[in-house]
Amino acid sequence: MLKKDFPIFSAKGGSAFGGKNNKDLVYLDNAATAQKPRAVIDVINNFYTHDNANVHRGFYGLGEKADAYYEEARVTFANFINAKQDEIVFTKNATEGLNLIAHAWGRTQCKEGDEIIVSLIEHHSNFLPWQFLAREKKLKLRFWKPDQFGVLHIKDLEKLITSRTKAICVTYVSNVLGYIVSVEKIKESIGKKNIALIVDVAQAVPHVPVDVQYLRCDFLSFSVHKMYGPTGLGILYIKENRLHEMKPFLVGGGMATEVSLTHAKYLQSSHVFEAGTPPIAEVVGGAEAVRYITRIGFSAIQKHEHALVEDIFHRFEAYPFVRVLSPKEGNVGVVAFDIQGVHPVRGRGALRALATSNGVHPHDAASLFAERGIALRAGHHCAMPLHTFLKIPASLRLSLGLYNDERDIDAFFKALDDIKKIFD
Ligand code: PMP
C-alpha cells in the first residue's frame with residue numbers, strides 16, 4: 001500500500017530490469033539501501049530551489065534559514081533516538097561514525113594491552129575500525145562468538161569482560177541474519193566498570209525504535225539512507241559524558257574557535273566533529289525521513305513487516321533445497337539463505353555448470369532472481385567473519401522495507417519455483 005509514496009515504483013521506463021517498467025520491480029534489497037518517499041525527495045528539491053545556503057556562516061536571511069533547518073533537524077534526530085540535541089553529530093554514514101569513535105575516542109583512551117570486545121557477527125564497518133586500532137595501539141581484540149546458528153548470547157559476553165576491557169562493539173540487528181541482539185542487557189554485564197558500549201544500529205533504525213536510554217550505550221551510529229532518507233548522511237550519537245574523552249578527528253573549517261600560526265583552540269561541543277561544509281540538504285531531507293517513519297509509526301511498521309516475515313519463513317518450509325540461515329525469532333525482515341543440492345547433474349546447458357554438488361552459488365542464484373525482476377543481495381554482505389564462522393563462503397539475502405507487500409513475496413517464491421525447474 002505504501003508503494004504509492006515512493007516514486008521509483010511507478011517510474012515509467014525505469015532501468016530496473018531488462019527494459020521493464022519499475023512497476024514490476026520487486027525490491028528486496030532494503031538492507032543495502034531503502035527507496036525514498038516523495039516527501040523526502042520534495043524536501044531536498046525545495047531546499048535547493050528556495051533555501052540553499054551554507055550553515056553557521058551567513059549573517060543574511062538565507063544563511064539564517066539554512067541554519068534553522070539544520071539545527072531543527074538535529075533536534076528531530078535527537079528525539080528520534082531519545083538523545084540530547086548536543087549528543088548528535090552529522091557524519092557521512094554509519095561507517096564514518098564508527099571510524100570516528102575509533103579514532104577520536106579509541107586512540108586517546110586505549111593503551112597497549114587494553115582489550116576491545118567485538119562480536120563476530122559485525123558488518124566490516126564495526127569490525128575493521130577496531131582491528132585497525134588494535135594493530136596500531138597494540139590492543140587485544142577479544143571476539144564475542146555466536147552459537148552455531150550465528151546468534152549472540154549475553155552469557156558468552158560476560159566471560160570476555162576483564163579489568164582491561166575498554167569497549168564492547170556490537171550491532172543491534174545483524175545485517176545478514178536479521179535478528180535483534182539484546183543490547184539493552186549489556187550494561188548489566190558491564191556493571192560499574194568504565195567500559196564504553198558502542199552500538200551499530202544501521203539495520204535497526206528502519207524497523208524498530210532505537211532509544212539510547214533504553215540501550216544504555218555510549219556511542220551509536222547509523223546511516224540515514226537505509227531509513228528512507230538520502231545517501232551521504234549518517235548520525236553519530238556521543239553520550240555527553242564521553243565527549244571530554246575525545247580529541248578532534250578531522251580538523252578544518254567550522255570547528256576551531258581560535259587559530260594562531262602554531263596552535264588552535266577547538267569547540268568544546270560535539271560540533272567539533274563536523275569540520276567543513278556538512279551535507280546540509282541531506283540533513284534537511286533526512287529529518288523528513290524521520291517524520292515520514294514517525295507518521296506511519298513503528299507499531300504499524302513492525303506489525304506489517306512481522307506478518308511478512310512469518311509468511312516468508314512459513315513458505316520456505318516447502319522448499320527443502322533452501323537452507324534458511326536467519327533465525328525467525330526476533331527477525332526484523334532480513335533473511336539470509338542459500339540454495340542447496342537441487343539435482344545439479346540434471347541442470348541444463350550453461351546453467352548446469354552453475355550448480356555444484358553444494359548447491360547453486362549465491363551470485364548465480366542472484367542473477368537468476370534478477371532476470372525475473374527480483375532485486376536481492378548475494379555475497380558475504382561485508383560480514384566475512386560471520387560467514388567464516390558459519391563455514392559458508394557467501395549467502396543470498398532478501399531484506400524488507402515498509403513498502404514490501406504480499407505480491408513481492410509471491411513474486412519471490414514464483415521466481416524460486418522457476419529457478420528450481422531449471423535445475424530439475
Ligand atoms: N553496519 C551495518 C549493520 C550495515 O548493514 C551497514 C551497511 N550495509 C553498515 C554498518 C555500513 O553502512 P554504510 O555503508 O551506509 O556506512
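The values are calculated or read from the model by the stated rules, or taken from the named source; none is laboratory data. What you are looking at is a predicted structure, and each value in this text was computed from that prediction instead of being measured. In this analysis, Cβ positions are derived from the backbone assuming ideal geometry, glycine residues included, and neighbour counts consider all displayed protein chains. Just the protein is used for accessible areas: all its heavy atoms, side chains included, with ligands, DNA and RNA removed. Shrake-Rupley method; radii C 1.70, N 1.55, O 1.52, S 1.80 Å.
Quick look at the numbers
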item	result
Sum of -39500 (n - 2.57) over DSSP H runs of 4+, divided by residues of the chain (222 nm, nearest 500)	-9500 deg cm²/dmol
Between region 136-185 and region 253-301, the alpha-carbon center distance in angstrom	29 Å
Heavy-atom accessible area order for LYS36, LYS303, largest first, 1.4 Å probe	LYS303, LYS36
Low-density loop cleavage sites - GluC sites (Glu not before Pro) in region 276-325, where at most 13 other Cβ are within 10 Å (DSSP)	GLU317
Efficiency of FRET from Cβ geometry, LYS247 and GLU71, R₀ 30 Å, rounded to 0.05	0.75
Volume per residue of the C-alpha convex hull in the chain, rounded to whole Å³	154 Å³
Extension gain, LYS12 back to GLU188 (0.36 nm per residue minus Cα-Cα distance, nm)	58.0 nm
The chain - percent of accessible surface contributed by carbon and sulfur, probe 1.4 Å	54 percent
Loop chymotrypsin sites (Phe, Trp or Tyr not before Pro), region 209-265, which have at most 10 other Cβ atoms in a 10 Å radius of their Cβ (DSSP)	none
Sequence-separation-based contact order of the chain, relative, with Cα cut under 8 Å and 6+ spacing, percent	21 percent
Rg(Cα)/(2.2 N^0.38 Å) for region 1-89, N = residue count	1.46
Spin-label pair ALA256/THR162, simplified geometry with 7 Å Cα→Cβ offset, distance in nm	4.1 nm
Label-point separation in nm, SER299 to LYS23, each point 7 Å along Cα→Cβ	3.5 nm
With Cα atoms, 0 to 90° folded angle of helix 362-371 axis to the chain main axis	80 degrees
Sequence of GLU115, GLU136 from largest to smallest accessible area, 1.4 Å probe	GLU136, GLU115
Mean accessible surface per residue for the chain, computed with a 1.4 Å probe while every protein chain stays in place, in Å²	44 Å²
Which of LYS92, LYS137 is most accessible, then next, and so on - probe 1.4 Å	LYS92, LYS137
Antiparallel bridge percentage (DSSP; both residues within the chain; nearest 5)	55 percent
At R0 = 22 Å, FRET efficiency that the Cβ-Cβ distance of HIS314 and LYS421 yields, to 0.05	0.50
Nitroxide proxy distance, nm - points 7 Å out along Cα→Cβ at VAL151 and PHE132	3.4 nm
Cβ-Cβ FRET estimate between GLU112 and GLN85, R0 fixed at 45 Å, reported to 0.05	0.75
